[in-house]
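The numbers here are math on the coordinates, done by the rules we state, and not lab data. If you're wondering where the values come from, they're calculated on a predicted model, not measured in any experiment. Every residue, glycine among them, receives a Cβ derived from its backbone with ideal geometry; neighbour counts consider all protein chains shown.
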Amino acid sequence: MRPILRSLAILTGLLVCFTAFSQSLLPDFAARELTRGKIQISWNNPYRNCVQLAIQRSLDSSKNFRTIFSSQSPELASNGYVDNRPVPGVKNFYRIFYSLEGGSYFFTRAIAVEASSVVKSLPVDLPAVTPSIPPIKEKLITPALTAAEKKNLTSIYLQKNILFRFDKAGYARFKDSINTKTKDKLRRLNERSVEWIPVNKEVYYIYKGQQIVAELTKKSFLQWKDSIKYKTQDTLYALDAYHSQIRSYAPPPKAYVFIYRNDSLLQVLETALYRKFKDSVANKTKDTLYASDEQHVEIRPFVPRYVWKPSDYIFTNNKGYVTILLPLVKQHRYAVIFYEEDGSELFRIKNLKEQELILDKTDFVHAGWFYFELFEDDRLMEKNKFFLPR
């Protein structure tokens with residue numbers, strides 16, 4: 001009985017250890033489609049020393065990732081972000097980039113989320129004049145009920161395309177708007193499908209969000225379209241031939257550059273500020289900036305090259321003898337200590353009284369480099385070296 005209990009205890013311990021080691025050390029990260037055309041990314045961050053946290057997106061699972069969001073509070077334990085502009089109809093891959101104090105950084109695994117195609121929606125309150133689009137032939141419009149229509153949603157078709165879907169109350173308001181404000185017709189195709197047949201008038205409608213901001217003739221629309229293209233950074237998105245949506249330009253998220261020195265993080269700068277910093281280093285210092293990639297730069301301080309200059313007071317003369325020259329020997333007290341090249345003391349002269357003193361080579365035992373310290377009134381005056389030839 002005891003061997004069996006011992007074996008069970010060992011097996012339980014191994015199972016606990018395996019479970020502990022199998023848990024991921026990386027931050028928890030999830031991505032899902034929140035609503036049609038909106039992807040929610042949420043995370044739990046265990047690192048309180050996180051200095052940057054950025055969400056990146058790509059259409060490839062391993063390359064071409066681009067930053068779409070950079071957190072203003074990367075140290076928060078839990079946070080989230082909604083991507084309002086995923087690429088519809090394909091898999092969008094998301095990952096999170098973390099950078100910690102001290103310079104370490106890493107990426108999470110990539111998670112794939114397929115964004116649904118966005119249903120192009122128009123407001124319920126339609127204008128009195130509607131687009132000029134030929135009626136749809138009845139034989140072409142016999143759609144079967146879709147999954148959405150089975151959920152009590154009525155689909156509105158225009159030229160075989162679904163413009164929007166309404167619940168019961170929304171469709172009632174839409175129908176009332178069409179009947180009271182336009183001369184258009186609505187034709188029932190099946191229980192949950194309705195064809196919108198506009199009157200034949202050529203008017204172009206411009207939307208911002210779901211609000212109409214302009215109703216233009218063809219000539220005015222073409223002129224306005226050119227002005228948007230050449231004078232702004234906004235985007236004009238065609239919902240159909242007569243309905244367009246203007247989308248304001250959204251600047252890309254701020255990018256950051258990490259400045260290091262000897263593997264220590266010195267600064268984190270926005271790209272615009274980094275350009276000024278880079279120019280300042282180039283114009284005002286002799287330091288070098290070495291970029292390992294677009295976001296990580298190492299600053300290498302300038303180290304001047306050492307150039308030895310012989311002393312004016314202790315040197316070897318043209319005959320190879322060590323000479324001590326002290327022009328102010330009568331006004332000050334001088335002393336000198338000589339050292340071997342390894343730093344060990346060779347000998348010292350405590351009180352120099354002659355203006356010029358020549359030392360014998362035998363005092364230094366051998367040829368080579370020697371160091372000295374010259375003192376004036378017990379204060380270090382000079383520290384240098386000289387070479388004694390054979």
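Pull out a ≥ b ≥ c, the square roots of the eigenvalues of the alpha-carbon gyration tensor of region 314-388, then state rounded if a/c is under 1.5, prolate if not and a/b is larger than b/c, and oblate in the remaining case. Oblate is the answer for region 314-388, as a/c is 1.5 or above yet b/c matches or exceeds a/b.
Rounded to the nearest 0.05, what FRET efficiency is calculated for V307 and R32 with R0 set to 51 Å and r the Cβ-Cβ distance? List each step's numbers first, then the result.
Values: r = 66 Å, r/R0 = 1.30.
With a Förster radius of 51 Å, E is 0.15.
Could you grab the Rg to Rh ratio for region 256-300? Cα atoms only, Kirkwood for Rh.
0.92
In what sequence do T288, T323 fall when counting other Cβ within 10 Å, fewest first?
Details: T288 12, T323 17.
Final ranking by Cβ density, sparse to dense: T288, T323.
I need to check one value: relative contact order of region 314-388, counting alpha carbon pairs closer than 8 Å and at least 6 residues apart, in percent. Working shown, then result.
On the way: 143 pairs, mean separation 25.7, N = 75.
Here the relative contact order equals 34 percent.
Stretching D293 away from N351 to a fully extended chain increases their span by 14.7 nm, per 0.36 nm per residue minus the current alpha-carbon distance. Counting only Cα atoms, region 23-114 measures 40, 27, 24 Å along its principal axes, largest extent leading.
Just list whichever of K185/K231; K91/K168; K286/K385; K319/K383; K254/K278 have alpha carbons separated by over 27 Å in the model shown. List each step's numbers first, then the result.
Working: K185/K231 39 Å; K91/K168 33 Å; K286/K385 29 Å; K319/K383 23 Å; K254/K278 18 Å.
Violating the 27 Å Cα-Cα cut-off are K185/K231; K91/K168; K286/K385.
Sites listed here are trypsin sites (Lys or Arg not before Pro) in region 61-116 whose DSSP assignment is loop and whose Cβ has at most 14 other Cβ atoms within 10 Å: K63, R109.
Among F174, F375, the order by Cβ neighbours within 10 angstrom, fewest to most, reads F375, F174. Cα centroid separation, region 65-97 to region 291-367: 64 Å.
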